[in-house]
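Notes for the one structure printed next.
Taken together, the values in this text are just the output of simple stated rules run on the coordinates, not laboratory data. Remember, predicted model here, so these are calculated numbers, not experimental data. All Cβ positions, even for glycine, are placed from backbone atoms using ideal geometry, and neighbour counts span all protein chains on display.
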Amino acid sequence: MTLYNLFPLLAGPFSRWGEHFSRAAAMGFDWVFVNPIQQPGASRSLYSIADYFRVNPALLDRQSAAPPDEQVRQMIATARAGGLKMMIDLVINHCAIDSQLTREHPEWFVRGPDGRIANSFCQHNGEKVIWKDLAQFDHRHTRDPEGLYRYCLSVVEHLLALGFEGFRCDAAYQVPGSFWRRLIRDIKARHPGTRFVAETLGCSADQTVETARAGFDYVFNSSKWWNFHDWWLIEQYNLVRETTRSISFPESHDTPRLCAEMNGNLDGLKQRYLFAALFSAGVMMPMGFEFGFRKPLHVTQTTPADWEKTGIDLTSYIARVNAIKKGYAVFHEESPTSIFPCQNPNILLMWKASAKHKDEALLILNKDPQQQQEFAADHFRDLVQAGAPLRDVSPEYPLEYIHEPFHYTLRPGQGIVLVTARN
């Protein structure tokens, strides 16, 4: 699963999305994930949904005679014509505090000590962050669990009827696993091809595993924050991969732009995308990453006017990386993965082997996006199980022949991707 995150407020009305679909398809993405497109509440936040069955007016083409739902269907038809499937955020952990649901079904919501409907919150860097524009659904203790479940089921069915085929389930770990198991089972019984992806950022590895066990096809991992040194990511990966597959990303709509974090270092952008794409079964990239955008995406303030003219274009590089990912089974499954010791601590030497096919791979990655680094190995036979020769399929500067002993000066952030196959 290769996901291109089209951010609705940056893309503008649905009628303008075609050019973004074409670019995503040309880069080798097979899914387009869009953040919520439903009508928001007074805060105008995409994630503060007031009406799940109406479309955000900001995304409609006022010149079109087609009704809102038809405009959505036309947009999805355009994506499908380009070979893309559409995924949308499923936000059922909370709704807008000013949604009519809070008045029609007050029993569906968590209450605070003062009896008022509780706002959603999360823990960030040890601090409690409260969103005052959000009302927290009470999936665990509502007096009307069947009513709340049926409502959420109807939301999913409505989005499927519009043409969406997958759901990124926002704050999935805050909704009981029993709820997800029932919802995923009921939907897949009627729509077998539907995909469910759990957003689990901010929770522990154990919470991620517990969420994944509810039947999710994918969860998001935390590789974006890995420093290429500590062992926590590999431990997390191996803990989760027995249950489900995961999706890496170099940045998301919730994080600062990587180009801003790296002060415009393009070698760093390439390094991080290559690692994200090859580390786990899935990869996601938000729109604008390919052009080195620096302005963060904002759920209320972003507009099409925030499109940046950077002079940067990584689309061909990303297309080559995605082609490598799709071309070898070891890169699109949760493969057994190990980090080998290396004489140069600035080199990441990662081994992956397909559990279902014969593919094996080595990623030799310069951790340093600023400086060249030396890598040397007498031979590779101790690093791979296969007897067949290694082939260099790197997105840049591939070697026609792998000499042994092997010595190579990696450019800043450069990755060498070597593949082989077991007998």
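Quick one: Cα centre-to-centre distance for segment 348-407 and segment 58-100, in angstrom? If you average the Cα positions of each part, the centres end up 43 Å apart. Give the cross-link partners of LYS270 among the lysines, using a straight C-alpha distance below 17 Å as the criterion and excluding same-chain residues fewer than 8 apart. Within the straight-line cut-off, LYS270 pairs with LYS224, LYS325, LYS367. Segment 150-202 and segment 1-54 have Cα centres separated by 18 Å.
About the centre of its Cα atoms, segment 256-415 shows a dipole size close to 400 debye [charges on the beta carbon of Lys, Arg (+1) and Asp, Glu (-1) only; nearest 20 debye]. Candidates VAL283, LEU201, HIS332 compared by Cα position along the dipole of segment 2-333: farthest toward the positive end lies HIS332, with charges placed on Cβ.
Bridge orientation summary for the chain: considering DSSP beta bridges with both residues in this region, about 60 percent are antiparallel. Averaging the sequence gap over all C-alpha pairs within less than 8 Å and six or more residues apart, then dividing by the number of residues, gives segment 2-333 a relative contact order of 18 percent. With angles folded into 0 to 90 degrees, how steeply does helix 315-327 sit against the dominant principal axis of the chain? Use alpha carbons for both and round to 10. For 315-327 against the chain, the angle is about 80 degrees. From least to most packed, judged by other beta carbons within 10 angstrom and beginning with the fewest, MET86, MET350 follow the order MET350, MET86. Counting only alpha carbon atoms, the long axis of helix 145-162 and the longest principal axis of the chain meet at about 60°.
In the chain, the longest principal axis of the Cα atoms and the axis of helix 68-81 are about 20 degrees apart. Helices in the chain, meaning DSSP H runs of at least 4 residues, each add -39500 (n - 2.57). Divided by all residues, the mean residue ellipticity at 222 nm is -7500 deg cm²/dmol. Legend: ranking of residues MET1, MET87 from fewest to most surrounding C-beta atoms inside 10 Å; resulting order MET1, MET87.
Its Cα centre serving as origin, segment 2-333 has a Cβ charge dipole (Lys and Arg +1, Asp and Glu -1) of approximately 440 debye.
Per-residue packing, averaged as other Cβ atoms within 10 Å, sorts the ranges 197-203, 154-160 into the order 197-203, 154-160, beginning with the highest.
Each of VAL321, ALA25, ASN221 was scored by the projection of its Cα onto the charge dipole of the chain, and the greatest displacement toward the positive side belongs to ALA25; charges sit on the C-beta of Lys, Arg, Asp and Glu.
Each of PHE375, ALA353, THR409 was placed along the dipole of segment 338-421 (beta-carbon charges, centred on the mean Cα), and the one lying farthest toward the positive end is ALA353.
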